[in-house]
Amino acid sequence: MPTRRWEVDTTLIHDWIIGLDEATQDSVLSALEYLANNGPTAGRPFVDRIHHSRHQNMKELRPRSPGGSRQLRILFAFDLQSHAITLIAGDKTGDWNKWYRDNVPAADDLFDRHLERTTEKKKQKKQRKGKRR
């Protein structure tokens, strides 16, 4: 029986990933693969819940940094279609609390917009379907 894979949308962090050195990029891609394979059940030490978010399901992915010198984080949440939407990524080294203070509200806003777009698309699809009857 095949195991389920979850869709991981990296649109918002694509440029960040491309800008990484090859070893770090490999580490980030491995972490994203882990998320795709484990979905909402992914847990510590690779995934942890974000506190102080408006979204109860906001989490962070913690890719391993080559050499362990950097503290990479990717903020994400699963939407209503069970897709992991990556929102903001960066290195919080030396900026522990400030990184979250700055980025969690921004990730909340991005996820709000994603949910609004998804809801609007669903409404439009339903309206088109109703007109065909």
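Just so you know, in the stretch 54-70 the residues that are touching a residue at least 24 places away in the same chain (Cβ under 8 Å), in a loop (DSSP other than H, G, I, E, B) and not hydrophobic (A, V, I, L, M, F, W, C) include one that is surrounded by the most Cβ atoms within 10 Å (Cβ to Cβ), and it is Pro63. In the set Asp48, Asp112, Asp108, Asp102, only one residue is buried (at least 17 other Cβ atoms within 10 Å of the Cβ) and more than 19 Å from Leu20 (Cα to Cα); that residue is Asp108. For the stretch 81-96, give me each residue that is more than 13 Å from the chain's Cα centre (by Cα) and either hydrophobic (A, V, I, L, M, F, W, C) or over 14 Å from Glu60 (Cα atoms) (or both). Once the filter is applied, which keeps residues that are more than 13 Å from the chain's Cα centre (by Cα) and either hydrophobic (A, V, I, L, M, F, W, C) or over 14 Å from Glu60 (Cα atoms) (or both), the stretch 81-96 yields Gln81, Thr93, Gly94, Asp95, Trp96.
Checking each residue in the stretch 71-90 for being over 13 Å from Val28 (Cα atoms) and assigned to a loop (DSSP other than H, G, I, E, B) picks out Asp79, Leu80, Gln81, Ser82, His83. Filtering Thr93, Thr118 for residues that are in a helix (DSSP H, G or I) and either surrounded by 10 or more Cβ atoms within 10 Å (Cβ to Cβ) or modelled with pLDDT under 95 (or both) leaves a single hit, Thr118.
The values are calculated or read from the model by the stated rules, or taken from the named source; none is laboratory data. Worth saying up front: this structure is predicted, and the values here are computed from it rather than measured. So basically every Cβ, Gly included, is an ideal-geometry build from the backbone, and we count neighbours across all protein chains shown.
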